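The values are calculated or read from the model by the stated rules, or taken from the named source; none is laboratory data. Treat the numbers as computed from the prediction; the structure is a model and nothing was measured. Glycine gets a Cβ as well: all are built from the backbone with ideal geometry, and neighbour counts include every protein chain shown. The protein model used for the area step is the full one, side chains on, heavy atoms only, and it has no ligands, DNA or RNA in it. Shrake-Rupley method; radii C 1.70, N 1.55, O 1.52, S 1.80 Å.
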Amino acid sequence: MKNEKKLRVLALDGSGVRGIVLARVLQELEERTHRRTHELFDFVIGNSAGALVAMALMTPDGHGRARLSAADLVQFYRDNASAMFKKSFFHFFKLWWGLRKPKYDRKYLDQVLATLLGDTPLSATLKPVAACTYSLDHATPRLWTTYDAQQHKHPDYRLCDLASAASATPTYFAPKTMTAREGATMHEVDAGPWVDQSCMAAISALKAMGISLPHPDVTLFSLDTTQVRLNKPLTKLKLPTAGIEQWVGKANLLDLIAGTIGTWHQDMGDIAYPSNYCLKVPVSIPFMASSMDDSSETYLTHLVKMTEAHISQHNASIIQMCSTLMS
């Protein structure tokens, strides 16, 4: 592969409403460079909420531009998080607060994403994107890419359907059902609990495109909100003698697993491909503020302020990232 500039690959990891954190960091990049995300990166891959953010910022407006800026996406979360995670006391009571069936009715998530992304197919993104999901039918992760859709290696699904599948975190939403090429019904969910780090998925996607790392013409950027920072020992939650309710509810087991796997994968990426990792911006989330589904304005404002403090604290890294992207 010979390019005048390096292939700039962005990996996005987030969960639920924490997608607003990814959007706020990208807003900072857009405002500092005076360029949209699709003008800064050549390939964007997302996991969970990262897939939603990637697809939203690569959706065309019909005139060769992005329909949304990162600032628009921040506002989208403020305006629509409560609709995606719509709460009903009757629904919670009927399902025993999510113990018997998924916590939320996915039809509201589908409605919001259909309005956001329209009927745009995966093949039509401004720059190539990829989304990770997990197949309940085959018990394996899947990678849906613009490249494969354009080459008819898999059906050209709508972005809203893929974003909905990638956002279907187990216990929160029911699987997204889609139709396979042969007519079979597929059941796809958020790949986060199994894949977690989209950096690793990006490396796999690049390999499928004939680009194996380490490679001199590839620069990999990473934004990650899956690393949950403990502000008190887990033993304070009485976990040594806890059952399912305490581990899943109070300890947020999915976050603990995802954060641990993510840190491990990130370290392995650093070790294996040090020349290709330009910048990593892990936004560490305090454990007591690590909710994936708190859609209140107070919590969303807290996430934005926390992200802005993180940006200020890591200003040198943001400057480096902008400089590299503009070179």
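Before moving on, here are some points about what is shown:
- Sole residue being open to solvent by 20 Å² or more (accessible area, probe 1.4 Å) and free of Cβ contacts under 8 Å to residues at least 40 places away in the same chain, chosen from 187, 138: 138
- Residues in the range 34-61 that are open to solvent by 10 Å² or more (accessible area, probe 1.4 Å) and either farther than 20 Å from residue 198 by Cβ or part of a strand (DSSP E or B) (or both): 34, 35, 36, 39, 60, 61.
- Screening residue 212 against (1) among the hydroxyl-bearing types (Ser, Thr, Tyr); (2) surrounded by fewer than 24 Cβ atoms within 10 Å (Cβ to Cβ); (3) more than 30 Å from residue 320 (Cβ to Cβ) leaves a single unmet condition, (3).
- Residue satisfying all of: in the range 293-327; farther than 22 Å from residue 36 by Cβ and aliphatic (A, V, I, L, M); modelled with the highest pLDDT among these: 300
- Within the range 141-174, if we keep just the residues that are among the aliphatic types (A, V, I, L, M) and under 16 Å from the mean Cα position of the chain (by Cα), the residue that is most open to solvent (accessible area, probe 1.4 Å) turns out to be 143.
- Verdict on residue 192 being within 23 Å of residue 38 (Cα to Cα) and open to solvent by less than 40 Å² (accessible area, probe 1.4 Å): no
- Number of the exception - residue 143 against (1) within 15 Å of residue 170 (Cα to Cα); (2) assigned to a strand (DSSP E or B): (1)
- Of all residues in the range 143-192, those being of a type in the set (Ser, Thr, Tyr), modelled with pLDDT of 90 or more and touching a Lys or Arg at 6+ places or on another chain (Cβ under 7 Å) number 1.
- Between 208, 130, 165, 139, the distinction of being among the small types (Gly, Ala, Ser) and in contact with a Phe, Trp or Tyr (Cβ under 7 Å, 6 or more places away or on another chain) belongs to 130 only.
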